[in-house]
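Data first, discussion second: the structure below is written as structure tokens.
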Amino acid sequence: MKRTTTYGNKNNSKKKYIWIGASVVVIIAAVIAVFIYLNQNDEKNQNAEPAPAEEEKAGQEETAKTEEKSSTATNEEEPTEPKDQQSQEEQPLENGGYIEGQVLPTEPTIVEGVVIANKKYPLPSTYAPGESESARNAFELMAKDAREAGFELVAFSTYRSFEYQDTLYNNYVNRDGKENADRYSARPGYSEHQTGLAFDIGEKGKEDLWLTEEFGETEAGKWLVENAYKYGFILRYPKGKEAITGYMYESWHYRYVGLHLAAEVKEAGVTLEEYLGIE
Ligand SMILES: [Zn+2]
């Protein structure tokens, strides 16, 4: 009886050790699995371009809503993954395309009468012209003609203040990290929307295509590409020009530059930077 008990105890402690050993193995395996998973996700994030939509989408929404969403990560309105064939092979620009340690100027850069706002030529934080009246009038005229052609255009995001851009950009950095945020959202002082001359355009009734590449494939998107210059607008961030403009293709972002320059840029088939020689 005693022996049995002793044996039983031994057996029990043996079982105990096996149990502990097994637990340790399971825990280690779990840690390794989590590690591999996180690594894969990291790679994915590096390869994938973030949804072009995000900056601008949130532009229409209240900041509070954006913040709330940042904790829930993915949802249909604000996809965190590209919706379509983003150029996976394109690498993010070094330092997001910005000049290291650059300080915002006290005066805007104006080249041939054009106010410049890009990653090399930022605006003063105090630059706050509001939405351009000329740009608005031109847009309304364009929208009127588009309506006759069968499209109801909407300018869903135009002027954005320095402060608003600051909040917006920092929300994206907190959510997606700086490297990713830099590909689709401008740092405060660097957004063309601060000039009051940039209009994000979509089609009424097709809100799901706002801020997507697909908008460029629609009849309305194609009509804009062909006709916007007649009203003084240019497609600001064309396909394959990220190295020059600092931004991936944005089918919705148009910049008002006036009739003459818009026609010239369209005719030349180049970006604004290339046309003005400020690459
Ligand atoms: Zn825009």
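With both labels modelled 7 Å from their Cα along Cα-to-Cβ, the R147 to V103 distance reads 5.0 nm.
Ordering Y184, L93, A263 by the projection of their Cα atoms onto the charge dipole of the range 88-276, which places +1 on the Cβ of Lys and Arg and -1 on the Cβ of Asp and Glu, puts A263 at the extreme positive end. The modelled label-to-label distance for the pair D166/E217, using points 7 Å beyond Cα in the direction of Cβ, is 4.0 nm.
Most tightly packed first, judged by the mean number of other beta-carbon atoms within 10 Å of their residues, the peptides 91-100, 264-273 read 264-273, 91-100.
The alpha carbons of the range 113-156 occupy a box of 40, 22, 19 Å along the principal axes, longest dimension given first.
Counting only Cβ charges, +1 for Lys and Arg and -1 for Asp and Glu, the dipole size of the range 206-262 around its Cα centre is about 360 debye.
Taking 7 Å steps out from each Cα toward its Cβ at N95 and L259 produces label points 4.2 nm apart.
The Rg/Rh ratio for the range 88-276 is 0.94, where Rg is the radius of gyration of the alpha carbons and Rh is the Kirkwood radius. Close amide H partners of S157, meaning residues 5 or more places away or on another chain with modelled amide H under 5 Å apart, are D200.
Readers should treat all values here as calculations from the given coordinates under stated rules, not as data from a laboratory. For clarity, every value in this text was computed on a predicted model and none was experimentally measured. With ideal geometry, Cβ positions are generated from the backbone for all residues, glycine too; neighbour counts draw on all protein chains shown.
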